[in-house]
Amino acid sequence: MRFRLDFTVSQNRNSSIPNPPGYLPPTSAKQLSSSKANQPDPAKVAAQERKSTELKFKRAWDLALAPAKSLPMQGIMLYFSGSGIQIFSLGMIFMLLTGPISAVFNIFRAFESLRITPPPPPARKGEEPVIPEPSYAPLALPMIAYVACQGLVLALGLYKCSSMGILPTGSGDWLHFETRSDPPEWSAVRAQSLG
């Protein structure tokens with residue numbers, strides 16, 4: 001028994017399954033020129049763009065809160081790494097201190113795929129419709145939350161440095177920069193009394 005696939009059918013047989021957001025079914029040049037019935041409905045396109053925008057916002061919030069979701073795991077790993085100065089503990093601290101800094105400097109690259117295109121302004125008669133550029137402005141709140149969560153990760157790394165004693169927080173850590181006063185046996189009062 002031979003199996004044969006028929007690739008000539010252009011219609012989807014399972015029409016009950018909706019297309020993914022942003023997907024428009026492919027059409028040939030012949031179909032486009034023959035009828036305007038294949039033109040996408042503006043209401044459907046607007047609904048798909050709205051769904052796409054909602055999904056981008058949801059994904060932006062997921063990306064923004066991801067560092068905070070990993071904090072408990074990183075805290076447990078730091079607890080089990082001990083408070084001694086060892087290569088494993090120092091590697092963990094290095095990761096916790098450099099990761100948030102590089103993430104904040106690369107924030108636009110992280111949110112680049114989630115930029116949202118604002119709706120186009122209404123076109124005037126005889127003019128081409130203006131297609132606006134995607135913008136980071138609607139993502140300002142998720143970006144601020146992303147920076148705050150990266151700050152929490154950095155604070156966890158600084159806390160571990162402090163608990164290991166490698167963060168200079170006490171006055172004894174800065175003795176090298178303190179100046180010494182003249183000893184009392186060489187003070188001006190002592191020198192005058194000795195003649």
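The values are calculated or read from the model by the stated rules, or taken from the named source; none is laboratory data. Being a predicted model, the structure only gives us computed values, none of them experimental. Ideal geometry is used to build each Cβ from the backbone, glycine not excepted, and the neighbour counts take in all protein chains shown.
Data for the structure
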quantity: Residue within the stretch 87-96 that is among the aromatic types (Phe, Trp, Tyr), under 30 Å from Ala46 (Cβ atoms) and in contact with a helix residue (DSSP H, G or I) (Cβ under 8 Å, 6 or more places away or on another chain) present; calculated: no
quantity: Residue satisfying all of: in the stretch 80-107; among the aromatic types (Phe, Trp, Tyr) and surrounded by 11 or more Cβ atoms within 10 Å (Cβ to Cβ); modelled with the highest pLDDT among these; calculated: Phe94
quantity: Residues of the stretch 52-72 classified as among the aromatic types (Phe, Trp, Tyr) and out of contact with any Leu (no Cβ under 9 Å at 6 or more places or on another chain), total; calculated: 0
quantity: Single residue of Phe111, Phe80, Phe94 found to be in contact with a Leu (Cβ under 9 Å, 6 or more places away or on another chain) and not polar (S, T, N, Q); calculated: Phe111
quantity: Selected residue (criterion: surrounded by the fewest Cβ atoms within 10 Å (Cβ to Cβ)) from residues of the stretch 137-180 that are of a type in the set (S, T, N, Q) and in contact (Cβ under 8 Å) with a residue 40 or more places away in the chain; calculated: Ser163
